[in-house]
Amino acid sequence: MSALENLKRWARKLKSHMKALDLARKDPRVPWGAKVVLVLVVAYALSPIDLIPDFIPVLGLLDDLILLPLGIALAIRLMPKEVWTECQLQEGCNS
């Protein structure tokens, strides 16, 4: 399996956890740093403005394939593991 396919699979997996991430954002046990990262990542994902415009071939998709999953992964690493596990179980996500 190529590195790009692995990255795409990883991005889909993280995307499937969006509800669990929203629950984690609301949890008082999550440090403010993780909450800030989550809010920034979600705001960037919903924003019509991209760092690299999508009409640029290949490079235009890099922010969607790399920046968003990395931001989400960073937020997950910043929160307590037990909180993340509880949020995944509550939303029925596969870890």
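Read the figures in this text as sums done on the coordinates, not as results from a lab. What you see is a predicted model; the values in this text were computed from it and never measured. Don't worry about glycine lacking a Cβ; one is built from the backbone with ideal geometry, like all the others, and counts go over all protein chains shown.
So if each residue of separation counts as 0.36 nm, and I subtract the Cα-Cα distance between Met18 and Leu59, what length gain in nm does that give?
Numbers: separation 41, 0.36 × 41 = 14.76 nm, distance 2.47 nm.
Working it through step by step, the gained length comes to 12.3 nm.
Identify which of the listed values of log10 I(q)/I(0) by the Debye sum over Cα atoms at q = 0.15 Å⁻¹ was calculated from the structure shown: [x] -0.92; [y] -0.70; [z] -0.61.
Recomputing log10 I(q)/I(0) by the Debye sum over Cα atoms at q = 0.15 Å⁻¹ here gives the entry labelled [z].
Please tell me the relative contact order of segment 3-91 in percent, rounded to the nearest whole number, where contacts are Cα pairs under 8 Å and at least six residues apart. Present the calculation step by step, with values, prior to reporting the outcome.
Numbers: 68 pairs, mean separation 39.9, N = 89.
Reported as a whole number, the value is 45 percent.
Which aspartates and glutamates have a Cα lying under 20 Å from the Cα of Lys19, excluding residues fewer than 8 positions away in the same chain?
Output for Lys19: Asp27, Asp64, Glu82, Glu86, Glu91.
In the Gaussian network model of the chain, springs joining C-alpha atoms below 10 Å, which of Asp22, Asp54, Asp63 carries the largest mean-square fluctuation?
For the chain, modelled as a Gaussian network with Cα springs under 10 Å, the answer is Asp54.
Explain nothing, just the number: dipole magnitude of the chain about its Cα centre with +1 on each Lys and Arg Cβ and -1 on each Asp and Glu Cβ, in debye rounded to the nearest 20.
Values: 12 positive and 10 negative charges, 57 e Å.
In total the dipole reaches around 280 debye.
On a full-extension model of 0.36 nm per residue, what is the gain between Asp27 and Leu70, subtracting their alpha-carbon distance, rounded to one decimal in nm?
Numbers: separation 43, 0.36 × 43 = 15.48 nm, distance 2.12 nm.
Gain on stretching Asp27 to Leu70: 13.4 nm.
Counting other Cβ atoms within 10 Å of each Cβ, which chymotrypsin sites (Phe, Trp or Tyr not before Pro) in the chain have at most 12 and sit in a DSSP loop? If you can, show how the numbers build up before the last one.
Details: sites: Trp10, Trp32, Tyr44, Phe55, Trp84; in loops: Phe55.
For chymotrypsin sites (Phe, Trp or Tyr not before Pro) across the chain that sit outside H, G, I, E and B with at most 12 neighbouring Cβ atoms in 10 Å, the list reads Phe55.
Pull out the extension gain between Ala45 and Leu89, defined as 0.36 nm times the separation in residues minus the alpha carbon to alpha carbon distance; nm, one decimal. Each step should come with its number before you reach the end.
Details: separation 44, 0.36 × 44 = 15.84 nm, distance 2.44 nm.
Length difference between fully extended and current span is 13.4 nm.
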